[in-house]
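A.B. asks: After the structure tokens below, expect a handful of questions from me.
The values are calculated or read from the model by the stated rules, or taken from the named source; none is laboratory data. A quick note: this is a predicted structure, and the numbers were derived from the prediction, not measured. Quick reminder, even Gly has a Cβ in these numbers, built from the backbone with ideal geometry, and neighbours come from all protein chains shown.
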Amino acid sequence: MFSMNSFPRRVLLRTIALVVLLWQCCRLTDCQIRSALGHYQLVPASFGNSTAASEGVSDDFGSTVASAALLEEGKDGNYKSSAANDRPTDLGIQTVLEPKHGDDSPPLLCQKPLEDRYSHLRSFASKKPRFFFALDLYQAAGILPQLTASILETVKFLGPEYCYLSIVEGNSTDGTSDLLQALHADAKTLGLTYSLVRSDLDPKNESNDRIEVLAQLRNLALAPLLQDPSDFDSEETTIVFLNDISPCANDILELIHQRRVQGADMACPMDYSDDGLFYDIWIARSMTGDIFFNIPPSGLWKYAKNLLWDDPERKRRLEAHTPFQVFACWNGMAAIGAKAFTQKGIRFRRNREGECYMGEPTLLAKDFWKEGLGKILVVPSVWVAYSHRASVKVKLEKGHVEENLRDGGKEKGMQEMVEWDERPPSLIKCPMPSYSDPQWVPPYEGYVDIMILASERT
């Protein structure tokens, strides 16, 4: 006969806890999204009346967005993005929605922030915010666990009171909006100022100019800074603009670090496609004025792995994970000096009449050079990608920041500090009408006053 006294108390407590957990799991559709720093909670797969949930919206891998996930902090202080079917031990920052990837991809293991390297970023006299995180997101539920976790880990390290998070969301149908609304709880717990705006601007609408709309969305994400610049540290504020990537906190911190120690106007990582190639080929331009790999008249990308083929010195720095100057970059993320916007009046824009049709980050770089802000660099110790699977792959192939710093240029007799060229390339490749039939245009094409001066000199 069963006796309560004979039943071990510890087993009884575990049994009760299991029953409670199962009961909670059965109530997933009724759960509220309540995330608090240092705890995890289950996120409902259905998001109430969400169209995405009822229709089973899929991510880029064709997998249904309908599982919970959490950020797991290990005993060594490191953290990883963990799928719902993982069994976490130590509970971490927050739980947000993540799709099942349909394969055996390992978690993206991220090291805790490098205290000795980045502690100087917290040394400042002003009490005003000086790190402005800006994002434009659409249909991003699949990467939000790693993206938001790494941003929050970075904010914790830098000091929440010195950070501002501004996100523009584009009426997603996969639960992105719900998740970003839930982020308010984490931000409040941290003491982080957080602005979330929804926008109907649609760069995929064929009646709109895509670049013009993308530029408007980027400027909208910067609105809190542009409207009230006096609320921020006017001399030292860094804008950290992130695309829908899956980074680690040290990826973000290394860009901020390099911008500061190099005195750079903009610092970018390298980005990686699901096919294992450099991704931002349309935006980035080297100091030869060319795109990062050669595309022959055939249009085939057979040389895509031979990066910076026409710039041997900077190619050597790329392979040594050592920063190098470029004419333009973005590559999924950028740390930018805010003074270009708050004091110089620069904004994201589309091309002017008679100007090559380029992406808004390339045009931003053109405007930077015009204003004497040509200290633009790529930090090849940082590699990012746009999905969990690709992010795991690129870290395995190209290395984490910590590994690349350890094995980088110092061992090859290479100085980390960049020797800046004050003048831009004489010509910039314009991949229009196509990569296989491009034009070469002056770097200041479209600036009437500068073009007139140039013609008078010649």
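A.B. asks: Within region 256-298, can you find the residues that are at positive phi and surrounded by 20 or more Cβ atoms within 10 Å (Cβ to Cβ)?
C.D. replies: GLY289
A.B. asks: Here's a follow-up. Kindly establish whether LEU147 is under 15 Å from the mean Cα position of the chain (by Cα) and either surrounded by 19 or more Cβ atoms within 10 Å (Cβ to Cβ) or on the phi < 0 side of the Ramachandran plot (or both).
C.D. replies: yes
A.B. asks: Additional query: Scan region 321-328 and tell me whether some residue there is over 17 Å from MET266 (Cα atoms) and either surrounded by fewer than 21 Cβ atoms within 10 Å (Cβ to Cβ) or touching a Pro at 6+ places or on another chain (Cβ under 6 Å) (or both).
C.D. replies: The answer is yes; a qualifying residue exists.
A.B. asks: Turning to a different aspect of this structure: Mind checking whether some residue in region 375-387 is among the charged types (D, E, K, R), buried (at least 18 other Cβ atoms within 10 Å of the Cβ), under 18 Å from ARG260 (Cβ atoms) and touching a residue at least 60 places away in the same chain (Cβ under 8 Å)?
C.D. replies: Scanning region 375-387, I find at least one residue that is among the charged types (D, E, K, R), buried (at least 18 other Cβ atoms within 10 Å of the Cβ), under 18 Å from ARG260 (Cβ atoms) and touching a residue at least 60 places away in the same chain (Cβ under 8 Å), so the answer is yes.
A.B. asks: For region 327-443, list the strands (runs of 3 or more DSSP E) that sit wholly inside it and hold at least 3 residues that are more than 20 Å from PHE241 (Cβ to Cβ); which are they?
C.D. replies: Answer list for region 327-443: 428-434, 437-441.
A.B. asks: Of THR154, THR173, which residue is at negative phi and surrounded by 17 or more Cβ atoms within 10 Å (Cβ to Cβ)?
C.D. replies: Criteria check complete, one pass: THR154.
A.B. asks: Mind checking whether some residue in region 338-358 is crowded, with 24+ Cβ neighbours inside 10 Å, out of contact with any Pro (no Cβ under 9 Å at 6 or more places or on another chain) and either assigned by TED's automatic domain parsing to the domain that holds ASP209 or farther than 18 Å from GLN325 by Cα (or both)?
C.D. replies: No, that holds for no residue.
A.B. asks: Look through region 243-255, keep the residues that are touching a helix residue (DSSP H, G or I) at 6+ places or on another chain (Cβ under 8 Å) and within 16 Å of VAL378 (Cβ to Cβ), and return whichever of them is surrounded by the most Cβ atoms within 10 Å (Cβ to Cβ).
C.D. replies: Applying the filter and picking the extreme gives ILE252.
Condition check ((1) surrounded by 14 or more Cβ atoms within 10 Å (Cβ to Cβ); (2) touching an Asp or Glu at 6+ places or on another chain (Cβ under 7 Å); (3) charged (D, E, K, R)) across all residues:
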position	(1), (2), (3)
LEU179	yes, no, no
SER195	yes, no, no
LEU201	yes, no, no
LYS204	no, no, yes
ARG210	yes, no, yes
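A.B. asks: Return yes or no: is TRP330 over 23 Å from the mean Cα position of the chain (by Cα) and among the hydrophobic types (A, V, I, L, M, F, W, C)?
C.D. replies: In short, no.
A.B. asks: Turning to a different aspect of this structure: Looking at the structure I just gave you, is GLY354 modelled with pLDDT under 95 and over 26 Å from PRO442 (Cβ atoms)?
C.D. replies: Taking the combined requirement at face value, the residue does not satisfy it.
Table: residues versus (1) among the β-branched types (Val, Ile, Thr); (2) closer than 22 Å to LEU108 by Cα; (3) without any contact (Cβ under 8 Å) to a residue 24 or more places away in the chain.
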residue	(1), (2), (3)
PHE132	no, no, no
ALA141	no, yes, no
LEU144	no, yes, no
VAL155	yes, yes, no
CYS163	no, no, no
SER166	no, no, no
ASP174	no, no, no
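A.B. asks: Go through region 117-144 and report how many residues are surrounded by fewer than 21 Cβ atoms within 10 Å (Cβ to Cβ), among the small types (Gly, Ala, Ser) and modelled with pLDDT of 95 or more.
C.D. replies: Number of matching residues: 1.
Residue-by-condition table, conditions (1) in contact with a helix residue (DSSP H, G or I) (Cβ under 8 Å, 6 or more places away or on another chain); (2) touching a residue at least 60 places away in the same chain (Cβ under 8 Å):
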| site | (1), (2) |
| --- | --- |
| ILE291 | no, yes |
| LYS302 | no, no |
| LYS305 | no, no |
| ASP310 | no, no |
| PHE341 | yes, yes |
| LYS398 | yes, yes |
| GLU403 | no, no |
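A.B. asks: I would also like to ask the following. Provide a single number: the residues in region 262-279 that are without any contact (Cβ under 8 Å) to a residue 60 or more places away in the chain and touching a helix residue (DSSP H, G or I) at 6+ places or on another chain (Cβ under 8 Å).
C.D. replies: 0
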